[in-house]
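Below: one structure, written as structure tokens.
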Amino acid sequence: MRVLDRERFLPGAGVRALRRWAEISREPRPYCCPCCDEGHREVIEVALHALPPRTARELRALVEPLDAAFAARTSPDPFAPPDDPWWLRRHAD
């Protein structure tokens with residue numbers, strides 16, 4: 001992730017994004033503030049597609065449980081734009 005941080009983001013962006021996504025996913029009523037939190041899951045998504053396969057698998061193993069926790073604590077937003085990423089098309093129950 002350090003190479004990706006250097007080339008695409010600010011140093012430490014990947015670790016910060018993963019930490020914040022973990023916090024959001026574990027909140028009783030998770031909420032992604034478009035101004036503050038939208039970018040964290042997006043950084044992770046970019047990393048999943050840009051990292052070498054083995055590293056991406058390792059990252060995916062960390063992210064999948066967080067995504068599942070977020071999905072379990074939220075509901076689909078029928079009014080969200082369909083082109084938005086899945087995590088922005090959900091809202092707190």
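The values are calculated or read from the model by the stated rules, or taken from the named source; none is laboratory data. Everything quoted here is computed from the prediction, not taken from an experiment. Cβ atoms come from the backbone with ideal geometry, glycine included; neighbour counts cover every protein chain shown. For accessibility, only protein heavy atoms count, side chains too; no ligands or nucleic acids. Shrake-Rupley method; radii C 1.70, N 1.55, O 1.52, S 1.80 Å.
What is the magnitude of the charge dipole of the stretch 35-93 about its Cα centre, with +1 placed on the Cβ of each Lys and Arg, -1 on the Cβ of each Asp and Glu, and no other charges, expressed in debye to the nearest 20?
Working: 7 positive and 11 negative charges, 56 e Å.
The dipole magnitude comes to about 260 debye.
Tell me the per residue accessible area of the stretch 34-93 using a 1.4 Å probe; a whole number in Å² is fine. Numbers along the way, then the final one.
Details: 3700 Å² over 60 residues.
I get 62 Å² per residue for the stretch 34-93.
Computed extension gain for ARG26 through TRP86, at 0.36 nm per residue and net of the alpha carbon distance, reaches 19.9 nm. Distance between the C-alpha centres of the stretch 38-54 and the stretch 65-84: 18 Å, rounded to the whole angstrom.
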